[in-house]
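S.K.: To start, I am sharing the structure in question, which I have written as structure tokens.
The values are calculated or read from the model by the stated rules, or taken from the named source; none is laboratory data. Keep in mind the model is a prediction, meaning the values are calculated, not measured. So basically every Cβ, Gly included, is an ideal-geometry build from the backbone, and we count neighbours across all protein chains shown. Ligands, DNA and RNA are stripped out before the accessible areas are found, and what is left, the full protein with its side chains, is counted by its heavy atoms. Shrake-Rupley method; radii C 1.70, N 1.55, O 1.52, S 1.80 Å.
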Amino acid sequence: PELISVANLGAALGIKAKEFIQQMGEMGFENITKDNILTGETAALIAQEYGFEAQVAMGEDEDLKPRPPPEDPSSLPLRPPVVTIMGHVDHGKTTLLDYLRKSSIVEQEHGGITQHIGAFSVNLSSGNPITFLDTPGHAAFLSMRQRGANVTDMVILVVAADDSVKPQTIEALKHARAAKVPMIVAINKVDKESANIDRVKSDLVAQGVEIEDYGGDVQVVCVSGKTGQGMEDLEENILLLAEMLDIRSETDGMAEGWVLESTIKPIGRVATVLVKRGTLRPGDAIVAGSVAARIRTLRNEAGQEIDEAPPGTAVEILGWKDPPAAGDQVLQAPSEDKAKRAAHYRQELKERHEAVALQTKQDQDKRDKA
Ligand code: GTP
Ligand code: MG
């Protein structure tokens, strides 16, 4: 393993040995001398305290990393675009999705409130599949974005015509902007008497949304999930934008994706995973966070078993011993053994981080009391 003495670490950080030992004492390292030997992980954590991003060489080969991005995506096969529906609570996200899918999730849901991220693929009129994600909370999205994930290729912002821009509308706007993906605004519930489309538009402009009526390039479509008014326009806009984006991914190589949701069903632990690169198949070894699994069954959103999940599709994965967490990245491993070792390595790293964090907190509390 990679080791470093206190004196050398201090020197690497540009701090005099005596001062460094004193500061380490404040961090909770007791009876330290300049000759004490630290492990790479401990040294990296200390370096972090000083604002350094330290890489530990040791153990790295145990871990799994995503592949570097493709050099020339234009030669890769097209994949279904991933479209995320966002907006304030009750503004009609699920109803619009439901219309697009022509089933009835709204009625199945308790009280009509989306309990989880729904994900499904549909063939809109053109025949090209599109994968839709229904987002109730944004926690998993936040977590994925913090890890640099471009989970979605486009956002549909739903704003109810009778309620206009609300806190979660603004929140959704922030997400779309941070993700740097194009957005289509769907002004919903235009069938209602209290609908006020102009107000929604000016409220959006006030939030800095450059909508087309005001010379910008954000498309606005007026729809009703209830009567179906404007829904063809919305479909057309989504398809046009998808075509323009020309979204491509590798269908081969080690697969990569993201856990959208993780639940326990009568058949066992199930995670809904959005595949972004490569293709997942039953029998494949994968790692999600610090959990390893061998895929037992793949199912589509209708609960049917499928043989493979190509990029741009969301799929239910069965075969977990431990639950993966929503927002975790999924990486395929070349073997089950490699997957287990990576999971083990990540678990150890996590425990060490937690131990240091706890120690730091306890020391802080001690100092606060003193
Ligand atoms: P959450 O998942 O809870 O955030 O809500 P949501 O945005 O998915 O809204 P949902 O689709 O559940 O719709 C909320 C309510 O608005 C339901 O009672 C729908 O029937 C109603 N609704 C949705 N779209 C329309 C519409 O176009 N017109 C009218 N009149 N009612 C609608
Ligand atoms: Mg909903």
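S.K.: So Q359 clears everything in (1) more than 19 Å from the chain's Cα centre (by Cα); (2) at positive phi except one condition, right? Which one?
M.R.: Among (1) more than 19 Å from the chain's Cα centre (by Cα); (2) at positive phi, the lone unmet condition for Q359 is (2).
S.K.: Among the residues in region 234-251, are any within 16 Å of ligand 2 (Cβ to nearest atom), among the β-branched types (V, I, T) and part of a loop (DSSP other than H, G, I, E, B)?
M.R.: No.
S.K.: In region 166-189, what residues are buried (at least 22 other Cβ atoms within 10 Å of the Cβ) and in a loop (DSSP other than H, G, I, E, B)?
M.R.: The answer is K189, and nothing else.
S.K.: Hey, another quick one. Which pairs have Cβ atoms under 9 Å, sit 6 or more apart or on different chains, and link a residue in region 12-27 that is in contact (Cβ under 8 Å) with a residue 60 or more places away in the chain to one that is open to solvent by less than 40 Å² (accessible area, probe 1.4 Å)?
M.R.: If the second residue must be open to solvent by less than 40 Å² (accessible area, probe 1.4 Å), the pairs left are E26/D363; M27/I46; M27/D363.
S.K.: Filter region 282-329 for residues that are modelled with pLDDT under 95, under 16 Å from E256 (Cβ atoms) and outside any loop (DSSP other than H, G, I, E, B) and give the result.
M.R.: Residues satisfying the conditions are A314, V315, Q329.
S.K.: Also, I was wondering about something else. Could you go through region 14-34 and let me know if any residue there is open to solvent by less than 30 Å² (accessible area, probe 1.4 Å) and in contact with a Lys or Arg (Cβ under 6 Å, 6 or more places away or on another chain).
M.R.: There is no residue in region 14-34 that is open to solvent by less than 30 Å² (accessible area, probe 1.4 Å) and in contact with a Lys or Arg (Cβ under 6 Å, 6 or more places away or on another chain).
S.K.: Residues to consider are L124, L97, L133; find the one that is in contact with an Asp or Glu (Cβ under 9 Å, 6 or more places away or on another chain), surrounded by 22 or more Cβ atoms within 10 Å (Cβ to Cβ) and at pLDDT 65 or above.
M.R.: When all the criteria are applied, what remains is L97.
S.K.: Looking at (1) part of a loop (DSSP other than H, G, I, E, B); (2) surrounded by 15 or more Cβ atoms within 10 Å (Cβ to Cβ), which is the one condition that is false for L349?
M.R.: That leaves (1) as the condition not met.
S.K.: Here's another thing I want to ask about it. Restricting attention to region 295-324, and to residues there that are small (G, A, S) and surrounded by 15 or more Cβ atoms within 10 Å (Cβ to Cβ), which single residue is farthest from V273 (Cα to Cα)?
M.R.: Of everything passing the filter in region 295-324, G319 is farthest from V273 (Cα to Cα).
S.K.: I would also like to ask the following. Restricting the first residue to region 33-45 and requiring it to be more than 12 Å from F20 (Cβ to Cβ) and at pLDDT below 85, which pairs with a second residue that is hydroxyl-bearing (S, T, Y) and open to solvent by 50 Å² or more (accessible area, probe 1.4 Å) meet a Cβ separation below 6 Å and a spacing of at least six or different chains?
M.R.: Hits for this filter: zero, empty list.
S.K.: If you go through region 199-257, how many residues are among the small types (G, A, S), within 16 Å of ligand 1 (Cβ to nearest atom) and either surrounded by fewer than 14 Cβ atoms within 10 Å (Cβ to Cβ) or free of Cβ contacts under 8 Å to residues at least 12 places away in the same chain (or both)?
M.R.: Number of matching residues: 1.
S.K.: Hey, could you check region 100-121 for residues that are open to solvent by 70 Å² or more (accessible area, probe 1.4 Å) and in a loop (DSSP other than H, G, I, E, B) and say which is modelled with the highest pLDDT?
M.R.: The selected residue is K102.
S.K.: Looking at region 358-370 only, could you name the residues that are part of a helix (DSSP H, G or I) and open to solvent by 60 Å² or more (accessible area, probe 1.4 Å)?
M.R.: Matches in region 358-370: L358, Q359, K361, Q362, Q364, D365, K366, R367, D368, K369.
S.K.: On the given criteria, is E193 charged (D, E, K, R), open to solvent by 20 Å² or more (accessible area, probe 1.4 Å) and modelled with pLDDT of 95 or more?
M.R.: yes
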